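Working notes, beginning with the structure itself.
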């Protein structure tokens, strides 16, 4: 085709006609569509079964490839029909029909990958392991930022929380629904917790409800252990006795709590349409009062609550 654009001679036209008949854009499009319509021969679907942490780039890469091939086939058919009247408009019409069907299929695939959790939990566990093992990530902030970069590379509409704390801190995780929405891993000096949710709150006021229930918990969080002057042992007991899970059963799908103050916890979260910080609510203002019958101390607790679904 380039030859005819540079020099519209009899020789260049004959060469283009021979190549056009050999490649036949219409048949090429038919062959591509036949492959795309079958799960076992669809290159995009096969590629998406690879690294979950590259799924967004993988989808866009194959979309660009397929878009380009179909667009080039259409252009060749249009060019041929203009150069050779006998070719007619039939091929153009058929390619346009197939291209329209391709765009419908592409929307279906995109919706499928955005709404189904193919990455869970294997992709998230892979991400956590990679971050754990990367020794150059020596701080909780570096680790949570690397985790977030991995999460953003996943093709999904799910919303996330990611929390990283140093090992040794007292923490508890409670799943309060049948669906597992969180994974937690402790290794190489750090605890990593990732929570996700693909659903919106059941009620519009659920975010407000979660936000208001935390202060109630804070006031109720009290441990009395006469003459036990190791107050951190009281905190550990409080966290281990399922107090948090028991209190949250009626309001939250998930609760993660860390007995530490803000400077010891790194958090990243998805932006929500309603302006809330992630798919639930979190606060650094929790506390538990430890009473040994002689003295009292107040120990900080970080709370993270997920929406019920």
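FYI, it's all coordinate maths here, none of it is from the lab. Since the model is a prediction, treat every value here as computed from it, not as a measurement. When we count neighbours, we look across all protein chains shown, and the Cβ atoms used for this are built from the backbone with ideal geometry, even at glycine.
Observations, loosely collected:
- When each of the peptides 106-113, 282-289 is scored by how many other beta carbons lie within 10 Å of its residues on average, the order from highest to lowest is 282-289, 106-113.
- In plain terms, the chain from residue 64 to residue 126 could stretch by 19.6 nm, reckoned as 0.36 nm per residue minus the Cα-Cα distance.
- Region 257-289 and region 120-146: distance between their alpha carbon centers, rounded to Å: 19
- Estimated from the Cβ-Cβ distance and a Förster radius of 41 angstrom, the FRET efficiency linking residue 45 and residue 94 is about 0.95.
- Two-decimal Rg to Rh for region 51-133 - Kirkwood Rh, Cα set: 1.25
- Ranked packing of 35-45, 121-131, most packed first, by mean Cβ within 10 Å: 121-131, 35-45
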